[in-house]
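See below for the structure under consideration.
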Amino acid sequence: MSAEATAVMQAPAHAAPAQDHQPLVRAEGLAKTFDVSPPWLNRVLERKPRQLLRAVDDATFSIEKGQTLALVGESGCGKSTVARLLVGLYEPTRGHFYFGGQDAHAGFKGKNGHHLRRSVQMIFQDPYASLNPRWKVADIIAEPLHEHGMAKSDAEARERVGELLQSVGLSPADMAKYPHQFSGGQRQRISIARALATAPEFLVCDEPTSALDVSVQAQVLNIMKNLQRERGLTYLFISHNLAVVRHVSDQVGVMYLGRIVELAPKHQLFAQPQHPYTRMLLDAIPKMHDTGRARTPVQGEVPNPLNPPSGCTFHPRCPHANARCKAERPALLHLRGVQVACHAVEEGRI
Ligand code: SF4
């Protein structure tokens, strides 16, 4: 038997499709649909059909090791659902998430699932809600160490907690305090220290600074960037704020009603946005050197995701919509050096 044939036979059952280069994180056609129907009896009595919410539809992207992909979009666009899919809090309805070339959703359930959970951690939006108020910081940060058997004794756990607190700019003495004794920015640093306890490779950050004052957002973002540089971390960064995204990302995916409508390197997206929705979001950012100019607010409302518009779901808000847009959903295509889902870009109308 040839060496090549042997290699094929020995490939793990849940390996990603063979590619020359495997990114650390790869989502392929990831989809999540929630059944939000009323109870069966109500549906029968009121003659209502089942209601399905397509929170994420066909999300495909890669993140190279040590890089940051930011997903942006208005509230309800599905970006937080992507985050929860990638940490195994949700099962995908369709599609795959590969981590280091292996099918992560099969991996989360498998006998070595704890290894994967150690490698993939999440930082939540609200540092007030995500830290147990009755626990001291030492116990909060040491919990994952004990859970994953990464500290042989309490003394070793305390030493690690002290190091982790220092790595996020806090003092080892802070481990004796309770969360309420810290400011919002400091609490988010504690959340970051907790997420780092298991020495993860991939951090999923769901709006990690949006609950913080603007003045402390930059401090927390700088800590995250420094940690990324020092430890080679890979980030998926969820945000509704393009100004924050500009600060932290390498690539940006713009989501609208569950779909990625534009995926581009950061500099390209900010310099030459292609999709009309991306342009609309960028127009709404305050410009430092343009104070006299009226900003264009984001136009219109996000439609009801339970009853999305036909064709391109952005068409009711789009100044370039035509009959094709109302009838046919645009595919995410490689156009003008980026990936974009828009008939007008494909046809060269904009
Ligand atoms: Fe606008 Fe049509 Fe492009 Fe959708 S496909 S963003 S409606 S131009």
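The values are calculated or read from the model by the stated rules, or taken from the named source; none is laboratory data. Please read all numbers here as calculations on a predicted model, not as lab measurements. All Cβ positions, even for glycine, are placed from backbone atoms using ideal geometry, and neighbour counts span all protein chains on display.
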Looking at segment 204-232 only, could you name the residues that are out of contact with any helix residue (DSSP H, G or I) (no Cβ under 6 Å at 6 or more places or on another chain) and outside any helix (DSSP H, G or I)? C205, E207, P208, S210, A211, D213, G232
Every residue in segment 244-285 that is out of contact with any helix residue (DSSP H, G or I) (no Cβ under 8 Å at 6 or more places or on another chain), closer than 26 Å to K65 by Cβ and among the aliphatic types (A, V, I, L, M), please. I260, L263, A264, A271
Select from segment 315-343 the residues that are more than 22 Å from K266 (Cα to Cα), crowded, with 18+ Cβ neighbours inside 10 Å and either hydrophobic (A, V, I, L, M, F, W, C) or more than 9 Å from the ligand (Cβ to nearest atom) (or both) and list them in ascending order. C318, A321, C325
Of all residues in segment 154-198, which are in a helix (DSSP H, G or I), free of Cβ contacts under 8 Å to residues at least 40 places away in the same chain and surrounded by fewer than 15 Cβ atoms within 10 Å (Cβ to Cβ)? D154, A155, E156, E159, E163, Q166, A173, Q181
State yes or no: is A243 of a type in the set (A, V, I, L, M, F, W, C), away from the ligand (no atom under 11 Å from the Cβ), exposed (fewer than 15 other Cβ atoms within 10 Å of the Cβ) and within 30 Å of A197 (Cα to Cα)? yes
Look through segment 91-122, keep the residues that are in a helix (DSSP H, G or I) and charged (D, E, K, R), and return whichever of them is surrounded by the fewest Cβ atoms within 10 Å (Cβ to Cβ). K109
Do you know which residues across segment 235-265 are at pLDDT 95 or above and either charged (D, E, K, R) or on the phi > 0 side of the Ramachandran plot (or both)? D250, L257, G258, R259, E262
Within segment 123-139, is even one residue more than 23 Å from Q228 (Cα to Cα), in contact with a helix residue (DSSP H, G or I) (Cβ under 8 Å, 6 or more places away or on another chain), part of a helix (DSSP H, G or I) and at pLDDT below 95? no
Among the residues of segment 219-234, which ones are of a type in the set (A, V, I, L, M) and under 16 Å from the mean Cα position of the chain (by Cα)? L221, M224, L233
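The rows are residues; the columns are (1) small (G, A, S); (2) away from the ligand (no atom under 16 Å from the Cβ); (3) surrounded by fewer than 17 Cβ atoms within 10 Å (Cβ to Cβ).
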residue: T209; (1), (2), (3): no, yes, no
residue: M224; (1), (2), (3): no, yes, no
residue: G232; (1), (2), (3): yes, yes, yes
residue: H247; (1), (2), (3): no, yes, no
residue: V252; (1), (2), (3): no, yes, no
residue: R259; (1), (2), (3): no, no, no
residue: P265; (1), (2), (3): no, yes, yes
residue: P273; (1), (2), (3): no, no, no
residue: A284; (1), (2), (3): yes, yes, yes
Those residues of segment 181-197 that are more than 27 Å from the chain's Cα centre (by Cα) and at pLDDT below 95 come to a total of 0
In segment 123-144, what residues are surrounded by fewer than 15 Cβ atoms within 10 Å (Cβ to Cβ) and in contact with a strand residue (DSSP E or B) (Cβ under 7 Å, 6 or more places away or on another chain)? none
